[in-house]
1. Given H placed on each backbone N at 1.01 Å, which residues far from His94 in sequence or on other chains put an amide H within less than 5 Å of it?
2. Per the 1.4 Å probe, what fraction of the accessible area of segment 129-192, in percent, lies on carbon and sulfur atoms?
3. Given labels modelled 7 Å from the Cα in the Cβ direction, how far is it in nm from Trp64 to Leu205?
4. Which whole-number percent of Cα pairs in segment 117-232 have a distance greater than 18 Å?
5. Taking the solvent-accessible surface of protein heavy atoms with a 1.4 Å probe, what is the per residue accessible area of segment 173-223 in Å²?
6. Which whole-number value in Å² is the accessible area per residue of segment 52-160, probe 1.4 Å?
7. Give me the one-decimal nm value for the distance between modelled label points at Leu143 and Val98, 7 Å along each residue's Cα-to-Cβ direction.
8. Obtain the nm distance between the two label points defined at His219 and Cys196 by a simple spin-label model: each point lies 7 Å from its Cα along the Cα-to-C-beta direction.
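The values are calculated or read from the model by the stated rules, or taken from the named source; none is laboratory data. Note that the structure is predicted; figures quoted are calculated from it, not measured. Cβ sites come from the backbone with ideal geometry, for glycine too, and all protein chains shown count toward neighbours. The area values use the complete protein model at the heavy-atom level, side chains included, leaving out ligands, DNA and RNA. Shrake-Rupley method; radii C 1.70, N 1.55, O 1.52, S 1.80 Å.
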Amino acid sequence: MAETATQVDDLNPPAGQAGATPKSAGRLSLAVRVVVIAMIAAGMIWSVVHQWPDVRETWLHLAWPSVVLAVLAVLAGMFANSMAWRAAADDLEHRVSVPAALRICMVGQLGKYIPGSVWAYVLQMELGRRAGLPRARAFLATLVALGLGVVAALGLGLLSLPALLDATTANGSEYAEPVRVALWIVAILFPIALICAIPAVLTRLIQLTLKVLRREPLHHRLTLPGVLRVIGWSALGYTLFGVHLWLLANAQAAPGVGGLLRSIGSFAIAITVGMFAFLSPSGLGVREAVLVATLAPFLADAGGVGAATGIALASRLIFTVADLVGAGIAALSGMRQVRQLTGEPAAEPAPEEPATGVARPPAQRAAEDQPESAPLAR
């Protein structure tokens, strides 16, 4: 999949390079892609095998129509998150086509299956560069989408606060402490995220980041409509993720509208605080604890905490399946571009931006424009 998303650049080597050099570079590039794909595949297989014993019984008792709809809901949520990334790149002076944004986000996010927390960002930066964005701007688009996504997620999380607060006071609850940790994280993050979402503050943070990276600064401030577009797409994505959780619970019980709202809010909080799972004491992870605390009351007649835990783990498996399907669809969307470019000069990846303070002449800017991604005229 990663190879499909990047092979456009391999169709026609840059002029002036001949002989063994491009062949050696091509072999090295191919070897790196094969290793990355193998590591991703191994991570995904390990994730499924590791969770299957705990989720097997719940998975086999789920209604298959609910499972299929849940997968579709997750795919739709991933599409919305990709559009949030695209809106962030747009406000950072780079317009990216929808197919390119899907490849960058959906194929790039497979990097999370490689041990370590940075590989998804590295892969997205590389795919962004091949789509015409300098690495620094692709990375900033990811950071902006991630930060504003936290604002959307924590805002939706208010829908599940009553259920989570009740869980922290339940006597003998095995997930009370992790949920308490999650609520503390929300209480600390939400005001900080709201302040950073102010366009003027966010612009200053981005300019500071570009200065540290010694890259050319933005030529305009981020706009309120641009910020709201990112938050809106992110909110839609988290809402669809919550719908997938409600569909799984609905296969075991009938949570109703109240359960839908709590599923949306709890899943938004669970994903946001999942990165801080290392703060959780022994026992359930923070993400699973938040989901179990929300679902258990609706599943009292279907197994209670045990059934809720099974659904939380089944949700992870569904995300793995959706990751694979979404990345495959996004990568295949690049095949059309490959066919169009066959026999034509292929666009080279965007060069890195010059250091801060070095202005690019208009002719150079025009030469760096790409079919899929071009700086916006402001």
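1. Under 5 Å from the amide H of His94: Leu376.
2. 67
3. About 4.6 nm separates the two model spin labels.
4. Everything past 18 Å amounts to 62 percent.
5. 58
6. Each residue of segment 52-160 exposes 36 Å² on average to a 1.4 Å probe.
7. 3.0
8. Spacing of the two 7 Å Cα→Cβ label points: 2.8 nm.
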